[in-house]
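Chemist: Pasting a structure below so you can have a look.
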Amino acid sequence: PAKLVPQTIDSVKTEQITAYGQRSLSQALVGVPGVDASGDTRFDGVTIRGFSAGTDMYLDGFRDDMQYTRDLGNIERVEVLKGPAAVLYGRGSSGGIVNRISKRPQKGLPSTVSAEVGSHDRYRLQADLNGEWRDDIRVRLNAAQEEYGSFRNGVNGTRKLFAPSLNWRLAPDLNWLLQYEYNEHSRTPDRGIPGVNGAPANVPLESVYSDTRRDNIRDVSQSLRSRLSYDLNAQWQLRHLLGLIRL
């Protein structure tokens, strides 16, 4: 229970963030007290209470400290635990940790399909499909495709998301949750144009660090997570967790 955790906890539901078209982790944390989310073109950069938390990222409790931009299409909420975390989570900074909670199959949850259209040739199609295969098996699929441009010519990007999950009630006291997630983000970073005396520098485009014709970043992240839980009685539960995250 949150009242027994010796830290300050902020929980941000992603539906409140994505309603305004913000789809990355850094954007979701903007406005959280004590958190500076300064994500750049390469990865999500987060500072908690003045301490860098770039290596204190978690996904469903599994360490996810690799450098890439994280999509929120398959995330239910984002939790920020402020304060020293080394005692509870091993290696950790003094500022705190960021834990993303992914979407899981739920009984009676309706399926949704959404579309977003914005300026600079931006669009996103997303489907959240939830259903029951049998009385003891529930499944869920989150998938998304996004493309976007910029006010600057040559700066654009695409996002792809595919995240199926399965919840299987093997026995009245035994439950197995299996989740897979594939994220791909290809983009041309906008690193800006060098200026001299308030005006763009008069140099050949080929010599500029921000030449969009030869600058591209592509992140492909995959994760597979298994959670097997057995209820010994009303007070005790035995869990086996297995996670594989690859970039």
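The values are calculated or read from the model by the stated rules, or taken from the named source; none is laboratory data. What you see is a predicted model, and the numbers here were worked out from it, not measured in a lab. Neighbour counts run over all protein chains shown; Cβ positions are idealised from the backbone, glycine included. Calculation scope for accessible area: heavy atoms of the full protein, side chains included, ligands and nucleic acids excluded. Shrake-Rupley method; radii C 1.70, N 1.55, O 1.52, S 1.80 Å.
Residue by residue, here is whether (1) in a loop (DSSP other than H, G, I, E, B); (2) modelled with pLDDT under 90; (3) within 20 Å of residue 45 (Cα to Cα) holds:
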position	(1), (2), (3)
84	yes, yes, yes
92	yes, yes, yes
108	yes, yes, no
130	no, no, no
133	no, yes, no
142	no, no, no
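Chemist: Being open to solvent by 70 Å² or more (accessible area, probe 1.4 Å), in contact (Cβ under 8 Å) with a residue 24 or more places away in the chain and more than 21 Å from residue 189 (Cα to Cα) is the filter here; which residues of region 12-49 pass it?
Modeler: Those that are open to solvent by 70 Å² or more (accessible area, probe 1.4 Å), in contact (Cβ under 8 Å) with a residue 24 or more places away in the chain and more than 21 Å from residue 189 (Cα to Cα): 13, 49.
Chemist: So, of the residues in region 220-247 that are modelled with pLDDT under 90 and within 28 Å of the chain's Cα centre (by Cα), which turns out to be surrounded by the fewest Cβ atoms within 10 Å (Cβ to Cβ)?
Modeler: Among those that are modelled with pLDDT under 90 and within 28 Å of the chain's Cα centre (by Cα), it is 246.
Chemist: Residue by residue through region 192-206, note down the ones that are modelled with pLDDT under 70, more than 35 Å from the chain's Cα centre (by Cα) and surrounded by fewer than 10 Cβ atoms within 10 Å (Cβ to Cβ).
Modeler: Answer for region 192-206, where residues must be modelled with pLDDT under 70, more than 35 Å from the chain's Cα centre (by Cα) and surrounded by fewer than 10 Cβ atoms within 10 Å (Cβ to Cβ): just 204.
Chemist: With the requirement that a residue be assigned to a loop (DSSP other than H, G, I, E, B), of a type outside the set (Val, Ile, Thr) and in contact with a Ser or Thr (Cβ under 9 Å, 6 or more places away or on another chain), what does region 51-65 give you?
Modeler: Passing the criteria: 53, 54, 56, 60, 64, 65.
Chemist: Looking only at region 134-153, count every residue that is open to solvent by 40 Å² or more (accessible area, probe 1.4 Å) and within 26 Å of the chain's Cα centre (by Cα) and tell me the total.
Modeler: The total comes to 7.
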